[in-house]
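See structure below.
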Amino acid sequence: MGESLRNKIKEASEYLRRRGLEEPETAIILGSGLNNYADRIKNAIIIPYSDIPHFNIGKVEGHRGQLIYGEHQGKKIVCLAGRFHYYECNSMEQTVFPARVMVEMKVKRFIITNAAGCVNTDFETGQLMIISDHINLSGTNPLIGENLEEYGYRFPDMTYVYDARLREKLKKEAADRGIELAEGVYTMMSGPSFETPAEIRYIRAIGGDCVGMSSVPEAIIANHAGKEIIGISLLSNMAAGILDKPLSGAEVTETAKGAEKTFAQVVDIAIKI
Ligand code: HPA
């Protein structure tokens, strides 16, 4: 597996280099309903995932399935508009493949974003939460299998995944613009079913502030390779059982739409700091 995974990563990154990508400084993984951020990129090279070797072309509502490369705020940026969820491809190798390719492209910083259910009742829907740490309840780990030594160690430390210095800066600069960011622990469940109310009580009891079905695998890959990571969750709905109503994917995308402007302001800061 190691050899073929290595080859696939190389093939995808060589293709992207041929299409004009030069060592981007920052990769932004855009969560559900948050893909429009990519429109801010100037002189954009837009590459459909279906053109990139070994990129899965799974389609999910709210995702574009495009890699967008170009300049923003004087920096070379890649936006991954659309991600492969574990629940779609049933393979961690596929789920984190774009993140692995970004590592190979020598990206320095990952901005990992998502829409998530809000577990902490001190927070509000529509609010953005900086991820301070995570709990992996997916039942698996994207580093299982042969370790690709050229990227990182077999047993990577996970004490400082979400850079504390960057979190402080981000909170401060957002506050200066009148945006109050929540901060807390993201919990990953595999999905695709939403959680039960009992599972949400469990997540709260173990220290989770929000819950979603992504981001943790990519954060593990980026951390393995020693990259800077900023995680941003849009709290799109109160998690199951908090309000007396069912959850829906439509609510997630609607809240994301409503928060688009603030989200873009915060990501703009996250690129610059
Ligand atoms: N649970 C899991 N994933 C989610 C949720 C949720 O409530 N909202 C958005 N993504």
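Could you please find all residues in segment 182-212 being in a strand (DSSP E or B), out of contact with any Ser or Thr (no Cβ under 7 Å at 6 or more places or on another chain) and surrounded by fewer than 22 Cβ atoms within 10 Å (Cβ to Cβ)?
The answer is A182, and nothing else.
Which residues, taken from segment 226-244, are more than 8 Å from the ligand (Cβ to nearest atom) and closer than 12 Å to T196 by Cα?
Those that are more than 8 Å from the ligand (Cβ to nearest atom) and closer than 12 Å to T196 by Cα: G241, I242.
Which ones in segment 90-103 are outside any helix (DSSP H, G or I) and crowded, with 23+ Cβ neighbours inside 10 Å? If you could, list the steps in order and put the result at the bottom.
Keep residues of segment 90-103 that are outside any helix (DSSP H, G or I), which gives 90-91, 96.
Answer for segment 90-103, where residues must be outside any helix (DSSP H, G or I) and crowded, with 23+ Cβ neighbours inside 10 Å: just V96.
Checking K106 against (1) in a loop (DSSP other than H, G, I, E, B); (2) surrounded by fewer than 23 Cβ atoms within 10 Å (Cβ to Cβ); (3) within 16 Å of the ligand (Cβ to nearest atom); (4) of a type outside the set (G, A, S), which single condition isn't satisfied?
K106 satisfies every listed condition except (3).
Which members of segment 213-251 meet the condition of being part of a loop (DSSP other than H, G, I, E, B) and of a type in the set (A, V, I, L, M)?
Within segment 213-251, M213, A225, A239, A240, I242, L243, L247 meet the criteria.
Look at segment 109-150 and say how many of its residues are under 18 Å from Y86 (Cβ atoms), away from the ligand (no atom under 16 Å from the Cβ) and touching a strand residue (DSSP E or B) at 6+ places or on another chain (Cβ under 8 Å).
Counting residues in segment 109-150 that are under 18 Å from Y86 (Cβ atoms), away from the ligand (no atom under 16 Å from the Cβ) and touching a strand residue (DSSP E or B) at 6+ places or on another chain (Cβ under 8 Å) gives 1.
Which residues, taken from segment 192-215, are away from the ligand (no atom under 12 Å from the Cβ) and under 27 Å from Y160 (Cα atoms)?
To start, the set of residues in segment 192-215 that are away from the ligand (no atom under 12 Å from the Cβ) comprises 198, 201-202, 204-207, 209.
Residues satisfying the conditions are R201, Y202, R204, A205, I206, G207, D209.
Could you tell me which of the residues E260, E168, E180 is acidic (D, E), under 14 Å from L128 (Cβ atoms), free of Cβ contacts under 8 Å to residues at least 60 places away in the same chain and more than 10 Å from the ligand (Cβ to nearest atom)?
Unique residue meeting the criteria: E180.
Report, by residue number, each residue of segment 21-56 that is more than 16 Å from the ligand (Cβ to nearest atom), in a loop (DSSP other than H, G, I, E, B) and farther than 24 Å from E11 by Cβ.
Within segment 21-56, I41 is the sole residue that qualifies.
Can you run down the residue pairs with Cβ atoms below 9 Å, 6 or more apart or on separate chains, where the first is in segment 118-145 and more than 30 Å from L5 (Cα to Cα) and the partner is among the aromatic types (F, W, Y)?
Qualifying pairs under 9 Å: L128/F263; M129/F123; M129/Y186; I130/Y162; S132/Y162; S132/Y186.
With respect to C79, determine if the residue is under 26 Å from V252 (Cα atoms) and free of Cβ contacts under 8 Å to residues at least 40 places away in the same chain. First the steps, then the outcome.
Values: under 26 Å from V252 (Cα atoms): yes; free of Cβ contacts under 8 Å to residues at least 40 places away in the same chain: no.
No, not satisfied.
Read-outs throughout are calculated quantities, based only on the coordinates presented, and are distinct from any laboratory measurement. In this text the structure is predicted, and so the values were computed from the model without any measurement. Positions of Cβ are backbone-derived with ideal geometry, glycine not excepted, and every protein chain shown enters the neighbour counts.
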